[in-house]
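To keep things clear, I will list the structure first and then write my remarks on it.
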Amino acid sequence: MKRIWIVLLWFLCCASVFVANGKTIKILAIGNSFSADAVEQYLYELAIEAGDTLIIGNAYRGGQGFESHWKVVEQNKPDFEYHKVVGGQMSDQRRTLQECITDEAWDYITFQQVSQDSGDYSTYDPWLTYLLDYVKRFASNPKVKYAFHRTWAYSRDSDHWGFAKYGKDQMRMFEKIVEATRLAQEAHKEFSFIIPAGTAIQNGRTSFVGDHFNRDGYHLSYGLGRYTAACTWFEAITGHNVRKSKYKPDDISEDEAQVAREAAHNAVKHPDRVTPITCKETGMAM
């Protein structure tokens with residue numbers, strides 16, 4: 001009996017060390033439906049599996065970008081849908097951006113442009129500058145890091161009106177998004193890094209899955225598309241190698257999950273270029 005108690009105490013001590021070593025990371029995304037696609041599902045679960053706990057906020061205005069955000073911020077309007085994930089459960093309130101920023105001492109605050117303008121750098125400033133300056137005024141964590149969320153090009157058959165801006169050419173849209181987000185990072189030294197979700201999606205499209213990461217031509221599919229974006233955020237934010245993760249949504253296969261993890265890992269490693277997913281990596285024929 002004494003030996004059993006010793007083993008039990010040893011197990012509890014090990015478990016306590018594991019929990020103590022885990023991090024609590026607070027992330028606020030300022031965006032729209034594309035940030036909802038990326039952070040509101042699966043990201044929390046990926047982190048929990050790795051021993052970290054995330055508090056995730058999404059200051060959301062559907063279909064809106066930098067200029068539109070700034071106009072409501074200037075007037076301090078409560079026009080942001082504030083989606084917050086705590087303990088794996090999401091709440092939803094209508095808030096001003098200031099209220100979203102001051103709700104937590106965020107470790108990371110991210111920005112993104114509206115999808116149709118994401119590859120057009122002329123649409124970024126001066127509004128991105130105004131938003132950055134505003135956020136810095138109210139962010140309470142002196143060690144907060146700012147990041148830019150690189151969104152994805154539309155599917156090749158997308159009927160989104162903004163696709164015409166890129167000649168309805170997926171690779172052209174992807175390359176313009178890469179260019180614009182790099183220019184934003186160069187112009188705004190506040191950005192510590194880019195979260196290359198768009199690169200991960202483009203990587204995944206080279207696999208056996210093909211161009212099937214979207215549900216309507218521009219938003220991500222509820223399973224594989226969103227999981228791929230979450231994998232990218234997970235590795236970019238926590239530093240954990242997502243290829244070691246076992247967690248996946250129930251509605252995707254293990255082969256699809258492996259594509260997502262590989263696509264995300266390669267995107268974080270090589271954010272500005274497409275890295276093809278090979279047969280060896282997925283175990284399936286292309």
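The values are calculated or read from the model by the stated rules, or taken from the named source; none is laboratory data. What you see is a predicted model, and the numbers here were worked out from it, not measured in a lab. Positions of Cβ are generated from backbone atoms using ideal geometry, with glycine treated the same way; all protein chains shown enter the neighbour counts. Just so you know, the surface numbers come from the protein's heavy atoms only, side chains and all, with ligands and any DNA or RNA stripped out. Shrake-Rupley method; radii C 1.70, N 1.55, O 1.52, S 1.80 Å.
Miscellaneous remarks
- Subset of the range 199-231 that is part of a helix (DSSP H, G or I) and without any contact (Cβ under 8 Å) to a residue 60 or more places away in the chain - its residue that is nearest to S35 (Cα to Cα): T228
- Evaluated against (1) touching a residue at least 40 places away in the same chain (Cβ under 8 Å); (2) open to solvent by 50 Å² or more (accessible area, probe 1.4 Å); (3) not hydroxyl-bearing (S, T, Y), F234 falls short on exactly one condition, (2).
- One residue stands out among those in the range 88-112 that are within 16 Å of E190 (Cα to Cα) and touching a helix residue (DSSP H, G or I) at 6+ places or on another chain (Cβ under 8 Å): the one that is most open to solvent (accessible area, probe 1.4 Å), which is Y108.
- The residues of the range 37-72 that are part of a helix (DSSP H, G or I), β-branched (V, I, T), open to solvent by 10 Å² or more (accessible area, probe 1.4 Å) and touching a residue at least 40 places away in the same chain (Cβ under 8 Å) amount to a single one, I48.
- Enumeration of residues in the range 150-177 that are assigned to a helix (DSSP H, G or I) and either over 13 Å from Q113 (Cβ atoms) or touching a strand residue (DSSP E or B) at 6+ places or on another chain (Cβ under 7 Å) (or both): W161, F163, A164, Y166, Q170, M171, R172, F174, E175
- In the set A184, A147, A180, only one residue is part of a strand (DSSP E or B) and either touching a residue at least 12 places away in the same chain (Cβ under 8 Å) or surrounded by 15 or more Cβ atoms within 10 Å (Cβ to Cβ) (or both); that residue is A147.
- Counted residues, the range 20-36 - those being touching a strand residue (DSSP E or B) at 6+ places or on another chain (Cβ under 7 Å) and open to solvent by 40 Å² or more (accessible area, probe 1.4 Å): 2
- Filter pass, P249 being in contact with a helix residue (DSSP H, G or I) (Cβ under 6 Å, 6 or more places away or on another chain), under 27 Å from D157 (Cα atoms) and open to solvent by 10 Å² or more (accessible area, probe 1.4 Å): no
- Condition met for Y166 (farther than 30 Å from Q75 by Cβ and within 15 Å of the chain's Cα centre (by Cα)): no
- Residue selected from the range 125-144 under the condition among the aromatic types (F, W, Y) and under 17 Å from K71 (Cα atoms), by the criterion most open to solvent (accessible area, probe 1.4 Å): Y130
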